[in-house]
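K.L.:
Pasting a structure below so you can have a look.
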Amino acid sequence: MPWSAHGPIGCYDAAVLIDALEDLWNTILDVTSLFVIPDWGSVIGLLPILIFLGVVGPLITFTILGTALYLIRKPRIKVDYEEGARRAELDEQGQPIYPPGLPHCRRDALIYTSGTARCDVCRDPLTVICPMCGVGREADIDTCGNCGLVLKIDTRAVAVRRGRPKPGGAAVA
C-alpha cells in the first residue's frame, strides 16, 4: 500500500470522505427537522382552524353544492304568458264560463287581466264575479256589496296560466 506524509493514502482520504459525508448528513437532518419535527405549541394553536377546515368547511361546501344542484335541477312548471283579453271557454250549452275574480265583458265573452276596467272592443265597463259569494259586480268597485270581500287587484302587465299538454297527450303513446 502506498504511503504519504499522513499515513497510508487510502485511509486518510477515506477518513476525510467519511467526515464530509457525516457533515452533509447532519446538515440534511437539521434542515429536515425544521419541517418534520414541528413545534407542538404552534400546532395545538392551529387546532381550531384545522378542525374548522376539516369538519365545518366540507359541510358548508356540500350544503352550497347541494343547494346549487337542486336549484339547477328542480322541476319547473311550464306556463303560457298571456297579454290582453282572451275568449271565455264555453260550457255544454254554449254559454261562456267566467272565472271568479277576473274582469270580463259579458257582451263580447272576453276575459281580461286583473286591473282592467273597460272592454277594449265595446268600451263597456267590465264585471267581476266575487270569489267568495259568486255575486257579480262592476270591476271598478273594490268591495263586494253582498259579502264584503275586498277584491282590490293592482294592474299587472302579464297574466300567467298553466300550460296545457301537447295535442294527443299521453293517450297517443
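K.L.:
If every alpha-carbon in the stretch 40-115 counts as one equal scatterer, what log10 I(q)/I(0) does Debye give at q = 0.18, 0.21 1/Å?
P.N.:
-0.84, -0.95
K.L.:
For the stretch 93-100, what does the Karplus curve 6.51 cos²θ - 1.76 cosθ + 1.60, with θ = phi - 60°, yield as ³J(HN,Hα) per residue in whole Hz, taken in order and with x for Gly and Pro?
P.N.:
Each residue of the stretch 93-100 in turn: 8, x, 8, x, 9, 9, x, x Hz.
K.L.:
Subtract the Cα-Cα distance of SER33 and ASP108 from 0.36 nm times their separation in residues, and report this length gain in nm to one decimal. If you can, show how the numbers build up before the last one.
P.N.:
Numbers: separation 75, 0.36 × 75 = 27.00 nm, distance 9.27 nm.
Extra length from SER33 to ASP108 when fully extended: 17.7 nm.
K.L.:
Whole-Hz ³J(HN,Hα) for each residue in the stretch 127-132, computed from phi via Karplus 6.51 cos²θ - 1.76 cosθ + 1.60 with θ = phi - 60°, x for glycine and proline: what do you get?
P.N.:
Whole-Hz 3J(HN,Hα) from phi for the stretch 127-132: 10, 10, 8, 5, x, 8.
K.L.:
May I pose another question? With an 8 Å Cα cut-off and a minimum separation of 6 or more residues, compute the relative contact order for the stretch 35-148 in percent.
P.N.:
Details: 111 pairs, mean separation 16.5, N = 114.
Once normalised by length, the contact order is 14 percent.
K.L.:
Can I ask one more? Enumerate the amide H contacts of ASP124 below 5 Å, restricted to partners 5 or more residues apart or on another chain; note that Pro and chain-start residues carry no placed amide H.
P.N.:
CYS119
K.L.:
At each listed q (0.20, 0.26, 0.29 Å⁻¹), what is the log10 of I(q)/I(0) that the Debye formula gives for the stretch 26-82 modelled as equal alpha-carbon point scatterers?
P.N.:
Per q value, in the given order, log10 I(q)/I(0) is -0.85, -0.99, -1.05.
K.L.:
Same structure again: Could you sort 136-142, 70-76, 113-119, 43-49 so that the peptide with the highest average Cβ count within 10 Å comes first and the rest follow in order? Can you show the working numbers first?
P.N.:
Numbers: 136-142: 14.4, 70-76: 7.0, 113-119: 16.9, 43-49: 9.6.
Final packing ranking: 113-119, 136-142, 43-49, 70-76.
K.L.:
For labels at PHE52 and LEU69 in the simple 7 Å Cα→Cβ model, what's the distance in nm?
P.N.:
2.7 nm
Bear in mind these aren't lab numbers, they're just calculated from the coordinates by the rules spelled out. Fair warning: this is a prediction, and the values are worked out from it, not measured in the lab. Note that each Cβ is placed from the backbone with ideal geometry, even for glycine, and that neighbours are counted across all protein chains shown.
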